[in-house]
Structure formats: structure tokens, C-alpha cells
Amino acid sequence: KAGVTQTPRYLIKTRGQQVTLSCSPISGHRSVSWYQQTPGQGLQFLFEYFSETQRNKGNFPGRFSGRQFSNSRSEMNVSTLELGDSALYLCASGRESYGYTFGSGTRLTVV
Amino acid sequence: DQQVKQNSPSLSVQEGRISILNCDYTNSMFDYFLWYKKYPAEGPTFLISISSIKDKNEDGRFTVFLNKSAKHLSLHIVPSQPGDSAVYFCAATGSNSGYALNFGKGTSLLVTP
């Protein structure tokens, strides 16, 4: 079966711009979570959506937002990009809780 | 604050020997623990998990041990193979954290022939 698909794989943006990342979960999975991986902070939880509702949110500024569509696909948006937002952004999908499968991630570079 | 800690950034083991990766956590409300393996530029791949009602779970060459009183878990890989070389992340979660995965910073395992 198809895994979690994240697009694009690589992205370069300029400070102050905004960016939208996309995630298509495994068919049948209703939970989609987003994580940020940086060398200094490791993997940090951004937010989780379940059936189009944000169910949980990590400790990130309001510039980071997301949404989930009725087909469970999710998008994550970062506005007013800062250099420190450069990271690997990972999406994970699951049926309920606990069992998450990760995508390959989107590598965002802010210059 | 880091609720899940992997105190060894790296580990080197000879092929065929046992690899033991350790993880400590501080939040006693965590009730489910997972290990992920990660290669550069790829997402983490789920390896094995354990519920807090158990103290051991095996899957082939991989065994996870949980010591709730010490808030400690470990991943044993026996026998280690060169293909096991990767970064291993420990994660913990529970209903009180909204099922978000709290990750350690990872241990880089190198298995040498």
C-alpha cells in the first residue's frame, strides 16, 4: 500500500516569505501529525489533526499553522519565514493513536 | 524541557554482537513507548513499541525492555548487522500528552564488519 507522501521534498525560501507543505496520509488513516527536525532541537511536535480538527498543538509560534481536509490530506503553513525555520518537516499518519507512520519529509531551507 | 533523553549520542558495535540503546524519560504519565530508526534525508521508520503494562516486547532481532520504576527503556539488537547502522530515536507518548510523540535526540549506531 502507498505510504505517507509529502510534497515537495525540497524547498528554498527567502526570509519573510511564507510556505505551504503538503502531506497525503496512508489510505484510511484519519490522524495526521507534523514534526520539525533540526540538529539542535531534534524532533519536535508541531500539531496533530484528526477528522479535520486540530486535536493537539506543540509549543510553536502562531506563524506555524495547519489544516486537514475531508480526505485526510493535510497542509502546513509557515508565515514570515525566519532563518531558524530551516529544518526537515515530517508528517506522520495513523489510524487512531500511537501507531504513526512517517513520510520522507520536506527539507526547507530559508535564506 | 526534554522529557525523553538518550544520553549516548553515538554507539559503535561489531557485527554479530549485541547493540544496546538506552532511553530515559521523566514524565510518569507516558504509557506507550516506541523506537524508530532513521536514515539521513528520510523519515523515521517504526521499529518496535511497548505498552506500559508490559516490561518486554520482542520482534525478531529487536527486543525492547521497559523498567517503569526507573523510567528507563532499552532497545537490544541481536545480532547486530551493518545494515542496522542508522540513528535510533526513542519516543514516548500518552493520553496526557495528547498522543503526541515526545522524542529523544537520537543515538547514532554504527555496526562495523
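The values are calculated or read from the model by the stated rules, or taken from the named source; none is laboratory data. Just so it is clear, the structure is predicted and the values come from calculations on it, not from any experiment. Backbone-built Cβ (ideal geometry, glycine too); neighbour counts: all protein chains shown. Just the protein is used for accessible areas: all its heavy atoms, side chains included, with ligands, DNA and RNA removed. Shrake-Rupley method; radii C 1.70, N 1.55, O 1.52, S 1.80 Å.
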Under the condition of being of a type in the set (Ser, Thr, Tyr), open to solvent by less than 10 Å² (accessible area, probe 1.4 Å) and over 21 Å from A:Tyr49 (Cβ atoms), which residue from the stretch B:75-113 is farthest from the other protein chains (Cβ to nearest Cβ)? B:Ser80
Of all residues being more than 8 Å from chain B (Cβ to nearest Cβ) and crowded, with 20+ Cβ neighbours inside 10 Å in the stretch A:92-104, which is nearest to A:Arg9 (Cα to Cα)? Just the residue, please. A:Ser93
Restricting attention to the stretch A:59-85, report how many residues are outside any strand (DSSP E or B) and surrounded by 18 or more Cβ atoms within 10 Å (Cβ to Cβ). 3
Boolean, B:Ile48 is free of Cβ contacts under 8 Å to residues at least 40 places away in the same chain and either touching an Asp or Glu at 6+ places or on another chain (Cβ under 8 Å) or within 14 Å of chain A (Cβ to nearest Cβ) (or both): yes
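For (1) touching a Gly at 6+ places or on another chain (Cβ under 8 Å); (2) aliphatic (A, V, I, L, M), each residue gets a yes or a no:
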{"position": "A:Phe45", "(1), (2)": "yes, no"}
{"position": "A:Arg63", "(1), (2)": "no, no"}
{"position": "A:Gln68", "(1), (2)": "no, no"}
{"position": "A:Leu83", "(1), (2)": "no, yes"}
Selection from the stretch A:1-36 of residues at pLDDT below 95 and either open to solvent by 50 Å² or more (accessible area, probe 1.4 Å) or closer than 14 Å to A:Leu83 by Cα (or both) yields A:Lys1, A:Ala2, A:Ser27, A:Gly28, A:Arg30
